[in-house]
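Q: This is the structure, below, for whatever I ask next.
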Amino acid sequence: VHRRGLGKKLYIKTYGCQMNAYDSARMADILAPLGFSQTDDPAGADLAIVNTCHIREKATDKLFADLGRLRGHQAAKAAAGGRMLLAVAGCVAQAEGAEVRRRAPFVDVVMGPQAYHRLPEFLARAVRDGGGVLETDFAVDEKFDALPAPAAGQFSANLTVQEGCDKFCTFCVVPYTRGAEYSRPVAGVLAEAGRLAQGGASEIVVLGQNVNAYHGAGPDGESWSLGRLLGALAAIDGVRRLRYMTSHPLEVDDDLARAHRDVAELMPFVHLPAQSGSDRILAAMNRRYGVAQYRRAVDRLRAARPDLAVSSDFIVGFPGETETDFAATLDLARTVGFAQAYAFKYSPRPGTPAAAMAGQVPEPVKARRLAELLAVVAEQQLAFNRAFEGRDVPVLLDRAGRRPGQLHGRSPHMQAVHVAAAPAMLGRTVAVRVERALSNSLAGRLAEPVSARRGAAVRASAADSGAIL
Ligand code: SAH
Ligand code: SF4
Ligand code: F3S
């Protein structure tokens, strides 16, 4: 699919999880045949899309700030005799579409995450009727059937295999914004992965709100687990690295453990959010597991893959959380040995049970607990990363680094790695000698002179397609 064409400019701003990133990329793919090419600059764009997240209050606030700015660009374009269409997509559109229409009537299209395949139709309607399109249906299977093939040129590509959630944790909006749990059939997933690999992606990140609840219909008529799907993805030509996220601790099964043991392409990393270290709070959250069960899930995966890096999300200040509950969370964070963890202050979300619970925790208490937990997490991350100092790690160079002359890549354990390397090396997996560990990244240098290794790689055969490791 061409990204040039009739020269219309498309600006997309994406918030939220990687599934939103995946959706934004698919929207760009749908619009490419209509002549839209993507730009980083909203000024003068013919279409601006804000792909929104509703998970915490802050995420929602950003939408209205953005819309204020985009309205200025829209007015400037109109003054110059042109037209900028404005669309709001994603989870805020789904949850609060009518509110978006009311607060920002200059928005032309409001559409939920299940409606993207109909984007061209919505735009035509908006042009014809002068805006006013609101679409928040749940027709998730249609969405994946109708989305076009992904554009080539990514080294690490997202691939959504599962959407929605039936777990209804009491703090969370996802079951309301993304709808019921849905698994894409295996054949469509494998076909898309094949196209991604052909387009240059050597790493595929398999996505789902609850990706290990995956149970897609297989070509054999059976329902496939995530573990089984990962095995089939690994067999695709050109796929060298596989990751998956986000997993639910309750759904760690034998197939997944087996995949970590047997599938060499599956990277030794799992994002397994614990949310809290207190059984009382976990019960109030409706997480349906206790701390002991969480630890068992981690142990089970580590038994299959001893060097597994484990990552988590935590919420502090959930309604009713006492100092004792919080101390239990700190204890869990200290003892599991997390390679990474994210922590958030509980944010009451409209319509969720926890928002109406007694014992809402005051903001200053949340802020203090967050700071304490983040300090523990930073210590854990630094300790995990320090163990790599002096070692050579295989790094997939996936994008430009922060500084000129630098590239960014990922280790098997998902660590961000910065290394001085030429732009021509993008997309390769190279050995990096780790020189310095920080709490959020590693810095190093190419382990051997590139010229010497390049010769070796050429000799190693075409199957290695230029990769150094
Ligand atoms: N499906 C994943 C989580 C998806 S949401 C799971 O079950 O673990 C991503 C993260 O946002 C969650 O893990 C949680 O830590 C955080 N989060 C969700 N709702 C929140 C809220 N109301 N306030 C604060 N953090 C929240
Ligand atoms: Fe939200 Fe819970 Fe579903 Fe995760 S499992 S998406 S936190 S409801
Ligand atoms: Fe946000 Fe929706 Fe993802 S609420 S985290 S964009 S599923």
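Q: Zone of Ala191 (label point 7 Å along Cα→Cβ, backbone N under 14 Å): which residues in the stretch 128-163?
A: Only 142-150 pass the distance filter.
Q: In the chain, which cysteines lack any other cysteine Cβ under 4.7 Å from their own?
A: Cys17, Cys53, Cys91, Cys165
Q: Please report the carbon-and-sulfur percent of the accessible area for the stretch 227-358; probe 1.4 Å, protein heavy atoms only, DNA, RNA and ligands left out.
A: The nonpolar share, carbon plus sulfur, comes to 52 percent.
Q: Then there is this: With a probe of 1.4 Å, find how much accessible area the chain has per residue, and write the answer as a whole number in Å².
A: Each residue of the chain exposes 41 Å² on average to a 1.4 Å probe.
Q: On to the next question. Multiply the residue gap between Ala232 and Phe106 by 0.36 nm, knock off their C-alpha separation, and tell me the result in nm, one decimal place.
A: Full-extension gain reported as 40.7 nm.
Q: Which FRET efficiency value, to the nearest 0.05, do you get for Lys62 and Glu323 by plugging their Cβ-Cβ distance into 1/(1 + (r/R0)^6) with R0 = 30 Å?
A: Given R0 = 30 Å and the Cβ-Cβ separation, E is 0.40.
Q: Compute the length gained on full extension between Asp40 and Arg300: take 0.36 nm times their separation in residues and subtract their Cα-Cα distance, giving the result in nm to one decimal.
A: 89.2 nm
Q: Now, a different point. Would you mind computing Rg(Cα) / (2.2 N^0.38 Å) for the chain, counting N as its residues?
A: 1.00
Q: From the phi angles alone, apply the Karplus equation (6.51, -1.76, 1.60; θ = phi - 60°) to the stretch 277-292 and give each ³J(HN,Hα) in whole Hz, x where the residue is Gly or Pro.
A: Values per residue, Gly and Pro as x: x, 10, 4, 4, 6, 4, 5, 5, 6, 6, 6, 6, 9, x, 4, 4 Hz.
Q: Antiparallel DSSP bridges in the stretch 197-348: what percent, to the nearest 5?
A: Here the share of antiparallel DSSP bridges comes out near 10 percent.
Q: Related question: Could you pull out which residues in the stretch 362-396 have an amide N less than 18 Å from a spot 7 Å beyond the Cα of Arg445, following the Cα-Cβ vector?
A: Of the residues in the stretch 362-396, 389-395 have backbone N under 18 Å from the label point off Arg445.
Q: Take peptides 428-434, 29-35 and line them up by average Cβ neighbours within 10 Å, highest first, as a rough protection proxy.
A: Ranked by mean Cβ neighbours within 10 Å, highest first: 428-434, 29-35.
Q: Let me ask something else. Report, in deg cm²/dmol and to the nearest 500, the calculated mean residue ellipticity at 222 nm for the chain, where each DSSP H run with n ≥ 4 adds -39500 (n - 2.57) and the sum is divided by the residue count.
A: Value at 222 nm, helices only: -11500 deg cm²/dmol.
The values are calculated or read from the model by the stated rules, or taken from the named source; none is laboratory data. Bear in mind the structure is a predicted one, so any value in this text is a computation, not a measurement. Virtual Cβ from ideal backbone geometry, glycine too; neighbours counted across all protein chains shown. Remember, those area values only see protein heavy atoms, side chains included, never the ligands or the DNA or RNA. Shrake-Rupley method; radii C 1.70, N 1.55, O 1.52, S 1.80 Å.
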